[in-house]
Amino acid sequence: MDLAAIIVFLVLYYVRPQEWISWVAELTPVKWSVVFALITMVLRERGFKPRDLLRTPHDWLMLFYLAWIVFSNAARVDTFLNNYNLFVFYIVTVQALSSAKRIQVFLAWWALMIMVVAGMAVASEYGYDIVGSFDLTHGIMENRLVLNTSTFNNPNALGHSVYPVVFLLYFLLFWKRPVFVKIFMIPLTFLPLYCVYLTVSKGAFIGIFVTTVAALTFGRPKIVQIMVLVGALTIGWTVLWSMPRMGELQKASTDQAIQGRVAAFTFGMYTLKNNPRGIGIHQSTAGVMRMFGFPKAAHSSYVQVGGELGWPGLFLFVGILYVSLRTLFSAKATDAVEERVRRILFTLLTSYAVSSWMVNWPWRSTFFLMVGAIAAFHRLMLAKNLPPQPQAESEPQPELAPVPAFAGLQPVPALAAAVPGTFNQTTLVLPVEKEMKPLSGDHAETEPAGLRWNRFGWKDLLMMIGLTWLTIRFWQYLITRM
């Protein structure tokens, strides 16, 4: 039931029936989904122990992240009550996804929900508009596709939310699958790709390009990685710049939308430098209004976190992405299911990290569900390298009496006088295969399976500091180049 709880939340987050069905809204399903998740976590068959909450670097960084969000805001009680549910679903996701198969089921449901969103958005263009998207698409959005819900009522938000499903479908239905399963994957990808195309989102096109390169090179031989990079920088780059509105990037200095982003980025950098603690969660849009006279969203998760939570918040946000990436690079899968899960999580993380430069969604539930799934995978891989439990010295093992040969298997008289080296039923030892066969294909490894890293060290701290510095440098570069 704990797995069902997070699947219910996925449905509520993506489909959002509480926003377009009145009687569902009256039931306050999101609130009850949180309660349901907590109850199922505590009452699950394998039990629940509070010390299980903090077992990985992801858990500790998430705890510090929540603590800083609350501490950096003047209204600390209200801030905690308005945001604790995000961390609840991180915890429940980590606890519920206790096996590779469970993680795969969860990711399959995730892909299904994105497909439903893409289907609802595209269907609104063909007369099946159950949430009133058509007028919004062809009105204020100037023929750029949206879905009229609070989460996807912007073309960029819809495009960046939908395109990762292409890679989920590839690894779920194509990678190391039988032919009769692979044939269903190609037509299924048409729907999300068409949906993203109708959004005409430049950022989504860039996200698809970068994530495709990452997905096709991750865990592959060097020669394959080189071939993919060469193809991406030649054919792929040409296709990318042929997409609608991509030419606007060449005249960014006169594009009103891009200059609005520059204003938001500038305000975020000003706040980061002059208010190291930040201005508080969900305050960046109002801050831009005070500085420039018009409201503008941050249009970047990094910018929003840096402006609202200051240096410590940005450091923790980047750190969570770093430890998630380290888990996926360090883990060694033992079978196709684990490797499939690892690759899907990597593409989800890559798409989120790339899209976060173009859309502001640090407080969306998807971030906490994604990191929760990676933390659960971390625990699963870590368990494969746990040292064997030592036996207590106070309990000596009794000596076992020799096992007599079965009466029906006694040697025949002709062999009774065999030489001393002859094998008999009491001395024959059969070889036993104790280790799983390594994963065949392009990910075969000679290193031990599982994961050995679980302690946050100085190298990790230096990596987090370095990545935070690079984030700020790239942020400054975008302000001057856009």
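The values are calculated or read from the model by the stated rules, or taken from the named source; none is laboratory data. Keep in mind that this is a model prediction, so the values were computed, not measured. So basically every Cβ, Gly included, is an ideal-geometry build from the backbone, and we count neighbours across all protein chains shown.
Taking the residues in region 325-341 that are touching a residue at least 60 places away in the same chain (Cβ under 8 Å) and closer than 21 Å to Leu61 by Cα as candidates, determine which candidate is surrounded by the fewest Cβ atoms within 10 Å (Cβ to Cβ). Please lay out each step first, then the result.
Residues of region 325-341 that are touching a residue at least 60 places away in the same chain (Cβ under 8 Å), as a first pass: 326-327, 330-341.
Add one more test, that the residue is closer than 21 Å to Leu61 by Cα, and what stays is 326-327, 330-331.
On the way: Arg326: 17, Thr327: 27, Ser330: 15, Ala331: 24.
Filtering region 325-341 for residues that are touching a residue at least 60 places away in the same chain (Cβ under 8 Å) and closer than 21 Å to Leu61 by Cα, the one surrounded by the fewest Cβ atoms within 10 Å (Cβ to Cβ) comes out as Ser330.
Of everything in region 80-124, what is under 30 Å from Leu136 (Cα atoms), surrounded by 19 or more Cβ atoms within 10 Å (Cβ to Cβ) and of a type in the set (Phe, Trp, Tyr)? Give them in sequence order.
Trp110
For the condition over 18 Å from Leu3 (Cβ atoms) and among the aliphatic types (A, V, I, L, M), what is the one hit in Leu97, Leu81? Step through it out loud before you land on a result.
On the way: Leu97 fails: over 18 Å from Leu3 (Cβ atoms).
Going through Leu97, Leu81 in turn, just one is over 18 Å from Leu3 (Cβ atoms) and among the aliphatic types (A, V, I, L, M): Leu81.
With Arg261, Arg245 as the choices, which residue is in the same structural domain as Ile69 (by TED's automatic domain parsing), at pLDDT below 90 and either farther than 30 Å from Phe71 by Cβ or among the charged types (D, E, K, R) (or both)? Don't jump to the end; show me each part of the working.
Working: Arg245 fails: in the same structural domain as Ile69 (by TED's automatic domain parsing).
Checking each option against the conditions leaves just Arg261.
Anything in region 290-314 that is assigned to a helix (DSSP H, G or I) and buried (at least 23 other Cβ atoms within 10 Å of the Cβ)? List them, or say none.
Ser301, Tyr302, Val303, Gln304, Val305, Gly306, Gly307, Glu308, Leu309, Gly313, Leu314, listed by residue number.
Of the residues that sit in region 115-142 and are β-branched (Val, Ile, Thr) and assigned to a loop (DSSP other than H, G, I, E, B), which one is nearest to the chain's Cα centre (by Cα)? Can you show your working first?
Going residue by residue through region 115-142, those that are β-branched (Val, Ile, Thr) are 116-117, 122, 130-131, 137, 140.
Cutting the leftovers down to assigned to a loop (DSSP other than H, G, I, E, B) gives us 130-131, 140.
On the way: Ile130: 30, Val131: 28, Ile140: 32 Å.
Out of the qualifying residues, it is Val131.
Considering Ile69, Ile7, Ile39, Ile91, which residue is touching a Ser or Thr at 6+ places or on another chain (Cβ under 7 Å) and part of a helix (DSSP H, G or I)?
Going through Ile69, Ile7, Ile39, Ile91 in turn, the sole match is Ile69.
Tell me, which residue of region 60-71 that is buried (at least 21 other Cβ atoms within 10 Å of the Cβ) and not β-branched (Val, Ile, Thr) is nearest to Pro276 (Cα to Cα)? Quick ask: steps written out before the conclusion?
Our first condition is that a residue be buried (at least 21 other Cβ atoms within 10 Å of the Cβ); within region 60-71, this holds for 61-62, 65, 69.
Checking which are not β-branched (Val, Ile, Thr) leaves us with 61-62, 65.
Working: Leu61: 19, Met62: 20, Tyr65: 15 Å.
My answer is Tyr65.
For Gly47, all conditions in the list (1) assigned to a loop (DSSP other than H, G, I, E, B); (2) touching a helix residue (DSSP H, G or I) at 6+ places or on another chain (Cβ under 7 Å) hold save one; what is the number of the exception?
Here Gly47 meets the rest and fails (2).
Tell me whether region 31-46 contains one or more residues that are of a type outside the set (Phe, Trp, Tyr), modelled with pLDDT of 90 or more and under 21 Å from the mean Cα position of the chain (by Cα).
If we filter region 31-46 for residues that are of a type outside the set (Phe, Trp, Tyr), which is where we start, we get 31, 33-35, 37-46.
From what's left, modelled with pLDDT of 90 or more: none.
Looking through region 31-46, none of the residues is of a type outside the set (Phe, Trp, Tyr), modelled with pLDDT of 90 or more and under 21 Å from the mean Cα position of the chain (by Cα).
Please verify whether region 243-262 includes one or more residues that are under 30 Å from the mean Cα position of the chain (by Cα) and of a type in the set (Ser, Thr, Tyr).
Checking region 243-262: not a single residue is under 30 Å from the mean Cα position of the chain (by Cα) and of a type in the set (Ser, Thr, Tyr).
List every residue pair whose Cβ atoms lie under 6 Å apart, where the two residues are 6 or more positions apart in sequence or sit on different chains, the first residue falls within region 1-22 and is aromatic (Phe, Trp, Tyr), and the second residue, located anywhere, is outside any helix (DSSP H, G or I).
So the pair list comes out as Trp20/Val131.
Could you tell me which of the residues Ser300, Ser284 is of a type outside the set (Val, Ile, Thr) and under 24 Å from the mean Cα position of the chain (by Cα)?
Just one listed residue meets the conditions, Ser300.
Determine, yes or no, whether Val34 is surrounded by 14 or more Cβ atoms within 10 Å (Cβ to Cβ) and outside the structural domain of Asp460 (by TED's automatic domain parsing).
On the way: surrounded by 14 or more Cβ atoms within 10 Å (Cβ to Cβ): yes; outside the structural domain of Asp460 (by TED's automatic domain parsing): yes.
Judged against the criteria, Val34 is a match.
What tally of residues in region 143-174 results from selecting those that are part of a loop (DSSP other than H, G, I, E, B), in contact with a Lys or Arg (Cβ under 8 Å, 6 or more places away or on another chain) and within 30 Å of Pro362 (Cβ to Cβ)?
Total meeting the criteria: 3.
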